[in-house]
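Undergrad: Below are the structure tokens for one structure; questions will follow.
The values are calculated or read from the model by the stated rules, or taken from the named source; none is laboratory data. All values derive from a computational prediction rather than experimental measurement. Glycine gets a Cβ as well: all are built from the backbone with ideal geometry, and neighbour counts include every protein chain shown.
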Amino acid sequence: MEIIPVGGYGEIGRNMTCVKINDEAVIIDMGIRLDRVLIHEDTDISKISFEELIAREIIPDHSLVKGDVKAIIVTHGHLDHIGAIPFIADKFPNAPIIGTPYTIELLKREVKVNPLYKLEEGEILQISKNISVEFIRVTHSIPQSIMLVLHTKEGKLVYANDFKFDDSPVIGKKPDYKRIKELGKEKVKALIVETLRVNEEGRTPSEKIAQKLLENDLTKAEKDKGLLVTTFSSHIARISSVVKIANKIGRIPVLLGRSMQRYVATAEETKIVDLKNARLYGNADAIMKMLKRITKEGKEKYLLIVTGHQGEPDALLSKIANKGTPFKIEKEDQVVFSADVIPNPINQANRYALETKLKMQGARLFKGAHVSGHASSEDHRDLLKMLQPENVIPCHGDMKLNACYIEIAESCGYTLNKDIFLIKNGQGIEL
């Protein structure tokens, strides 16, 4: 079994791994690196040339892939896991793209050549004579995220990138602990695992906590003032919570943004969620017309759910703060940030500028109504104990995060360069 790191090793984002069994290969994930061009959920990178995307390390370098690729398997619908598919997948035209129904629906308009195949959580699919794939239910900040298992004649490989252990999720079921523990008894040859939040002590809180925090902020809002929430467009559970609270407090929920339309409409079409009374607008002209209507009818009747929680210059909340829409921020309008700042200098500067502008216009800002979608240190320890993998390979994190993970693995009995391996993009390892 050869594991070839194509993207996402020693860095955050751009996730792509090639697993080679003799002459056959499977690609897992095909994402973009979000911080290279200030990409967020509303950004279109289709106009950037393929050569530039590779040169600027926005997408992975597919030339690192070895073997006869039998399938491209995607774990969930975030851009750092599927964003490069429109640019790279057709380099492997005979490889079907396999994902959960929601993820495949998100990809339908993006894929021109490769066959698409929907695999449910808990199902196993034979990819070739020697390789099959199994999807195990876990929780994350987007619907139908899975932990992936490759069953091969060389042993089992588990790919856990991204996940959290949420026992009371707002949407969907809790993780399939029973199957994870069964795998631990069946011998796992290798675990490839994310490290994004491994430096946080304890276990990551449930999404129910974020729901309660939002309820605390929104139910106390001034009844005659404007009320806005900004969060991840792909966080359907979070958006569902906001819509329910809006209905509870007698406001009409209005979802605005191109990425909002993509993720939310797909979630409704696939029957993942029913957003009662919610109105959804993704087209720029339709958004401006709705904002004009809200201003005319009275902003106190509505709760706006908008893009722009990172202060992205072209996102809707930034346009509102810059007075570029018919909707104006007035004294004591309430803006709730249901997302933490992504920790890089540009994001932090953009978010600071956005918050400053909102405050200068009289807005009341509320932050902290958020929980992560990634496993913390003790979640990682729990996974190691359940799976008991023979070898461990950290991914999706910079070297500091990978080093934190190694400390946890060593405390569980693993030894660096013996059964836990730190690898970089292009530097494969044979097990």
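Undergrad: Consider the stretch 183-236. How many of its residues are among the charged types (D, E, K, R) and under 25 Å from C404 (Cβ atoms)?
TA: Within the stretch 183-236, residues that are among the charged types (D, E, K, R) and under 25 Å from C404 (Cβ atoms) number 7.
Undergrad: Has the stretch 151-166 got at least one residue that is of a type in the set (K, R), in a loop (DSSP other than H, G, I, E, B) and either at pLDDT 95 or above or not assigned by TED's automatic domain parsing to the domain that holds A278 (or both)?
TA: yes
Undergrad: What's the number of the only condition in (1) part of a loop (DSSP other than H, G, I, E, B); (2) within 26 Å of L196 (Cβ to Cβ); (3) aliphatic (A, V, I, L, M) that I104 fails to meet?
TA: (1)
Undergrad: Quick check: is even one residue across the stretch 40-47 in contact with a Ser or Thr (Cβ under 8 Å, 6 or more places away or on another chain) and not in a loop (DSSP other than H, G, I, E, B)?
TA: No; the residues of the stretch 40-47 include none that is in contact with a Ser or Thr (Cβ under 8 Å, 6 or more places away or on another chain) and not in a loop (DSSP other than H, G, I, E, B).
Undergrad: What number goes with the only condition from (1) more than 21 Å from the chain's Cα centre (by Cα); (2) closer than 21 Å to A369 by Cα; (3) part of a loop (DSSP other than H, G, I, E, B) that N247 does not pass?
TA: Condition (3) is where N247 drops out.
Undergrad: Does S141 satisfy the criteria of being among the hydroxyl-bearing types (S, T, Y) and closer than 22 Å to M1 by Cβ?
TA: Answer is no for this residue.
Undergrad: Would you mind finding the one in K357, K331, K292, K299 that is basic (K, R), assigned by TED's automatic domain parsing to the domain that holds K248 and buried (at least 21 other Cβ atoms within 10 Å of the Cβ)?
TA: Exactly one residue qualifies, and that residue is K299.
Undergrad: So which of D162, D167 is touching a strand residue (DSSP E or B) at 6+ places or on another chain (Cβ under 6 Å) and acidic (D, E)?
TA: The conditions single out D162.
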